[in-house]
Amino acid sequence: MKILVCLSNVPDTTTKAKFVNDNTALDTTGVQWIINPWDELALTRAIELKSDAANSIENITVITVGGKDSEPTMRKALAIGADDAVRIDAEPKDAYYVAAQIAEYVKSNPFDLIFSGIESADYNGSAVGGMVSEFLNIPSVSAVSSVNIDGGQVKITRDIDGGHEEVSSELPVLAIVQKGIAKEPMIAAMRGIMMARKKPLNVVAPMEVEVLTDVVNFELPQPKPPCKMIDPENVKELVNLLQNEAKVI
Amino acid sequence: MSVLVFTENWDGKFKKVSFELVSYASKIAEMLNTQTVALSIGNVQDDELNKLGNYGADKIVSVKNDKLNILDNQVYTSVIAQVAEKEGSKVVIIAQNNMGKALAPRLSVKLKAGLGAGVSKLPSSVEPFTVFKKVYSGKAYSNLVIKSDIKILTLAQNSFEFEENNKSASIESFEPTLNDDLFKTKVGNVEKQTGKILLTDAEIVISGGRGMKASDQWGPIEELAEVLGAATACSRPVSDEGWRPHEEHTGQTGKIIAPNLYIAAGISGAIQHLAGISSSKCIVAINTDKDAPIFEAANYGIIGDASKVLPELIQAVKEIK
Ligand SMILES: Cc1cc2nc3c(=O)[nH]c(=O)nc-3n(C[C@H](O)[C@H](O)[C@H](O)COP(=O)(O)OP(=O)(O)OC[C@H]3O[C@@H](n4cnc5c(N)ncnc54)[C@H](O)[C@@H]3O)c2cc1C
Ligand SMILES: Cc1cc2nc3c(=O)[nH]c(=O)nc-3n(C[C@H](O)[C@H](O)[C@H](O)COP(=O)(O)OP(=O)(O)OC[C@H]3O[C@@H](n4cnc5c(N)ncnc54)[C@H](O)[C@@H]3O)c2cc1C
């Protein structure tokens, strides 16, 4: 079985939103780039699955659509334990564009199980995974909180309103993962970092794809009125404000 | 031409979000001078279907087919696409929730329609079609132009006040083509609790953080939730410690919620926590540390010990109920 993990290279989650060029681009001065947290957990789960020989996983590939500046993030994924990496050399213009590139690669390099995260920490599209599956005409399961392999069968758990359910699927399948998929992200060990330098990072030219959306500009949220402080001895006042001013109870 | 809305029901009753979606869609239909078509999949009776008319639907397309009792993303996408084609839909509106995140991206590819994910306002213009959506986990917004002929918008939770707009809608049933080879997934064991308020649907959420000190200190949080008809939530360390179930973890790597009222007790307000709750209409913070960042996000704050403040709050709420 072959696993593909889609990786998005995103600003660290503590990054302050500051924009430049007439609010058309994020101010990336001093920004730390990380593997999107969901993708890091997906990769962790893939490695856990591979470490059980009974699952007969030959290979874990990570893929990203991005410029050369996303390579340190790819190397980090290799250090954590991916076997090889693919970078489609293009600016990721929107989710449709990104998904079309990934799908194109998978058409000529098939995988049995594809992971993507539920949401990127930058554009918050929750889109790429579902789009890849439709481009490939394969099933997708979303809101996935666990993936197991049992006798060559992929067993998926997904969250539903008020609970969860087990889903089994034909292969290949694309799992869009969220909380629960792995407990803690795996951390690269020194040996992994050394080995990562020798692992293949293949750069692939993009294909021509129409871009369906354009970001015009960014806005910061409206400044919020300062917090109204209420005397801890007078909790009734809070209830009064919630009822009569905010009108939420 | 039309604006199509994908509605959701729960055991035959529409979820509140469905009325928000229809109301939102009918406003866009007005901007485009066209009609609003609502799609219902599942066993929903006519008197319930008619309710969609009260929020602005002109026509209701009802699909009842036992093959659709379980959610298969590819199959559902095909059904929505068939209806969109039949109705000549130029805009499709879906909720930005688990269901919407599963279906909207697939539909985007199927219809070659640009996706505006998590929009929170009406489009500022229809030519070019410009929407407003959250980015960087709520730390900013973007104005996004969708250039394709068909557009798909997913509406962020609790972002649109719905209003009644009485229309008498026509109901039409539709039999989609469902080829067997489209069905590639099967659902086995289902575990779900009923009768509990879902965190993602709740209008009021009471949440506890590490400042609550221990798992056996959750009594006041549960009691306050009980008297307010609220759901309970927690910060990540609390679910990591096993003090509370994982389903309650809110934030960047947990659930993203937007209730009318979010009460945070003993939560410092880390940026990753705020990413999951900052779209709440009203935030109340109870914290012993006057410099805790949660107060910057909150509308109302009490500097105090949660174990003392919460019981008083419960008492005060009981007095008005
Ligand atoms: C300099 C720069 C400029 C950009 N400008 C734009 C822009 O103008 N408009 C825009 O929409 N986006 C832009 N992005 C791209 C953005 O980072 C995303 O890659 C892409 O748009 C998908 O975002 P999303 O929020 O829909 O991802 P989501 O669909 O929320 O991501 C979900 C999952 O999909 C996978 N995924 C997402 N992105 C990638 C990727 N690039 N490669 C591999 N897997 C991925 C991951 O598994 C991720 O967890 C830009 C990125 C950079 C670096
Ligand atoms: C990639 C990444 C993703 C993350 N995702 C999430 C996420 O999704 N959700 C999330 O919550 N966190 C997330 N975190 C963790 C986050 O950074 C914080 O560590 C976490 O939110 C802190 O939880 P807390 O507020 O409960 O605890 P603390 O930060 O320890 O705060 C406890 C607070 O309680 C107050 N307090 C103490 N005693 C009392 C008392 N008696 N009465 C009232 N107040 C009291 C203290 O003053 C303090 O402000 C993430 C971190 C990373 C790096």
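Quick notes on this structure:
- Hey, B:PRO237 open to solvent by 20 Å² or more (accessible area, probe 1.4 Å) and within 12 Å of ligand 2 (Cβ to nearest atom) or not: yes
- Selection status of B:GLU191, in the same structural domain as B:LEU313 (by TED's automatic domain parsing) and among the acidic types (Asp, Glu): no
- Those helices (runs of 4 or more DSSP H) lying entirely in segment B:1-98 with at least 1 residues aromatic (Phe, Trp, Tyr): B:16-32, B:73-86
- Selected residue [without any contact (Cβ under 8 Å) to a residue 24 or more places away in the chain, touching a helix residue (DSSP H, G or I) at 6+ places or on another chain (Cβ under 8 Å) and more than 7 Å from every other protein chain (Cβ to nearest Cβ)] from A:LYS228, A:LYS224: A:LYS224
- For B:GLY242: the one exception among (1) away from ligand 1 (no atom under 16 Å from the Cβ); (2) within 24 Å of the chain's Cα centre (by Cα); (3) open to solvent by 30 Å² or more (accessible area, probe 1.4 Å): (2)
- All strands (runs of 3 or more DSSP E) inside segment A:16-112 with 2 or more residues being within 16 Å of ligand 2 (Cβ to nearest atom) and modelled with pLDDT of 95 or more: A:33-35
- Tabulated pairs, segment B:285-304, first facing chain A (nearest Cβ under 9 Å) and farther than 14 Å from A:PRO226 by Cβ, second within 7 Å of ligand 2 (Cβ to nearest atom) and at pLDDT 95 or above, C-beta under 6 angstrom, 6+ apart or interchain: B:ILE286/B:ALA265; B:ILE286/B:ALA306; B:ILE302/B:ILE286
- Enumeration of residues in segment A:71-95 that are surrounded by fewer than 20 Cβ atoms within 10 Å (Cβ to Cβ) and within 11 Å of ligand 1 (Cβ to nearest atom): A:ALA90, A:GLU91, A:LYS93
- In segment B:118-193, counting only strands (runs of 3 or more DSSP E) that sit wholly within it, the ones holding 3 or more residues that are without any contact (Cβ under 8 Å) to a residue 40 or more places away in the chain span B:129-135, B:140-146, B:185-192.
- Qualifying residue in segment B:180-202 (condition: within 16 Å of ligand 2 (Cβ to nearest atom), within 30 Å of A:LYS155 (Cβ to Cβ) and of a type in the set (A, V, I, L, M)): yes
- Residue within segment B:177-187 that is open to solvent by 90 Å² or more (accessible area, probe 1.4 Å) and facing chain A (nearest Cβ under 7 Å) present: yes
- Taking segment A:221-249 as the range and being assigned to a loop (DSSP other than H, G, I, E, B) and surrounded by fewer than 14 Cβ atoms within 10 Å (Cβ to Cβ) as the test, the residues that pass are A:PRO221, A:GLN222, A:PRO223, A:LYS224, A:PRO225, A:PRO226, A:ASP231, A:GLU233, A:ASN234, A:GLU245, A:LYS247.
- Residue-level analysis places B:LYS167 outside the set of residues that are more than 10 Å from ligand 2 (Cβ to nearest atom), within 12 Å of another protein chain (Cβ to nearest Cβ) and over 17 Å from the mean Cα position of the chain (by Cα).
- A search for C-beta distances below 9 Å between a residue of segment A:130-142 that is without any contact (Cβ under 8 Å) to a residue 60 or more places away in the chain and any residue that is part of a helix (DSSP H, G or I) and within 16 Å of ligand 2 (Cβ to nearest atom), counting only pairs 6+ apart in sequence or on different chains, returns nothing.
- Selected residue (criterion: farthest from B:ALA156 (Cα to Cα)) from residues of segment B:189-229 that are within 9 Å of chain A (Cβ to nearest Cβ) and at pLDDT 95 or above: B:LEU228
- Hey, B:GLU172 among the acidic types (Asp, Glu), more than 29 Å from A:PRO223 (Cβ to Cβ) and open to solvent by 30 Å² or more (accessible area, probe 1.4 Å) or not: yes
- Segment A:137-218 holds strands (runs of 3 or more DSSP E) entirely within its bounds, and those carrying 1 or more residues that are at pLDDT below 95, open to solvent by 70 Å² or more (accessible area, probe 1.4 Å) and within 11 Å of chain B (Cβ to nearest Cβ) map to A:153-160.
- Verdict on B:SER268 being part of a loop (DSSP other than H, G, I, E, B) and more than 9 Å from every other protein chain (Cβ to nearest Cβ): yes
The values are calculated or read from the model by the stated rules, or taken from the named source; none is laboratory data. Keep in mind the model is a prediction, meaning the values are calculated, not measured. Note that we place each Cβ from the backbone using ideal geometry, even for glycine, and neighbour counts take in every protein chain shown. SASA here: full protein model, heavy atoms, side chains in, ligands and nucleic acids out. Shrake-Rupley method; radii C 1.70, N 1.55, O 1.52, S 1.80 Å.
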